[in-house]
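Okay, structure first, notes after.
The values are calculated or read from the model by the stated rules, or taken from the named source; none is laboratory data. Everything numeric here is computed off the predicted structure, so don't read it as measured data. Positions of Cβ are generated from backbone atoms using ideal geometry, with glycine treated the same way; all protein chains shown enter the neighbour counts.
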């Protein structure tokens, strides 16, 4: 029996690219208060500082346009290798909440770090990915994880471990990972024995 190639949506910020430090620098300037990674302990961490969630999203959405691509490091040095292994068995798209205006910078960053993918989907800011036709999502958003956990379609959500999503419980649909290297093995372990 031929193995089914799953459709995988791989997030960019917070999973592949560490843009948080650059964003925190901008927020520190705007708020006149130093903000560190330790302050980012929940998804809505800006509200207590007097910022609306929309400010946070807008700041993130313009990150790839406002900073040179060498300002961002991959979360994992071997990310390209791990994604290549995943691409051998499944269809992997990079699906980001950034606008089309960031495509060139993001594509160049992915190429620089040798991260393969089938398509780069610029989903746009402020738009939920939950309606997209993917079998598997790899993301860091706790609110998105909760949507997938409640989704009756049986889709999987690999939650890339971050301090701000630590309170999200694992379920049959939401699986916490600490490294991208875990995805291929976990998907393989879920396959019926006759498809391995």
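The set of residues in the range 27-43 that are over 13 Å from residue 163 (Cβ atoms) and surrounded by fewer than 17 Cβ atoms within 10 Å (Cβ to Cβ) comprises 28, 29, 30, 31, 32, 33, 34. Examine the range 176-185 for a residue that is within 16 Å of residue 8 (Cβ to Cβ) and in contact with a strand residue (DSSP E or B) (Cβ under 6 Å, 6 or more places away or on another chain), and state whether such a residue exists. Looking through the range 176-185, at least one residue is within 16 Å of residue 8 (Cβ to Cβ) and in contact with a strand residue (DSSP E or B) (Cβ under 6 Å, 6 or more places away or on another chain). Against the numbered list (1) in contact with a helix residue (DSSP H, G or I) (Cβ under 8 Å, 6 or more places away or on another chain); (2) surrounded by 13 or more Cβ atoms within 10 Å (Cβ to Cβ), residue 93 comes up short only at (1).
What's the number of the condition residue 116 fails, among (1) part of a loop (DSSP other than H, G, I, E, B); (2) crowded, with 17+ Cβ neighbours inside 10 Å? Among (1) part of a loop (DSSP other than H, G, I, E, B); (2) crowded, with 17+ Cβ neighbours inside 10 Å, the lone unmet condition for residue 116 is (2). Against the conditions (1) surrounded by fewer than 16 Cβ atoms within 10 Å (Cβ to Cβ); (2) within 23 Å of residue 127 (Cβ to Cβ); (3) modelled with pLDDT of 80 or more, residue 54 satisfies every one except (3).
Total residues in the range 1-39 satisfying the condition of being in a loop (DSSP other than H, G, I, E, B), over 18 Å from residue 52 (Cα atoms), touching a helix residue (DSSP H, G or I) at 6+ places or on another chain (Cβ under 6 Å) and modelled with pLDDT under 85: the figure is 2. Being touching a helix residue (DSSP H, G or I) at 6+ places or on another chain (Cβ under 8 Å) and either surrounded by 18 or more Cβ atoms within 10 Å (Cβ to Cβ) or assigned to a loop (DSSP other than H, G, I, E, B) (or both) is a property that residue 65 lacks.
Of everything in the range 152-162, what is out of contact with any strand residue (DSSP E or B) (no Cβ under 9 Å at 6 or more places or on another chain) and surrounded by 13 or more Cβ atoms within 10 Å (Cβ to Cβ)? Give them in sequence order. Passing the criteria: only 162.
Just one of (1) under 18 Å from residue 144 (Cβ atoms); (2) assigned by TED's automatic domain parsing to the domain that holds residue 112 fails for residue 85. It is (1). So which of 168, 127 is under 21 Å from residue 65 (Cβ atoms) and part of a loop (DSSP other than H, G, I, E, B)? Step by step, each of 168, 127 is checked, and only 127 is under 21 Å from residue 65 (Cβ atoms) and part of a loop (DSSP other than H, G, I, E, B).
A quick yes/no check of all residues on (1) free of Cβ contacts under 8 Å to residues at least 24 places away in the same chain; (2) over 12 Å from residue 10 (Cβ atoms):
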residue	(1), (2)
120	no, no
127	no, yes
139	no, no
150	yes, yes
155	yes, yes
172	yes, yes
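Within the range 167-185, the set of residues being more than 15 Å from the chain's Cα centre (by Cα) and surrounded by fewer than 13 Cβ atoms within 10 Å (Cβ to Cβ) comprises 167, 169, 170, 172, 185.
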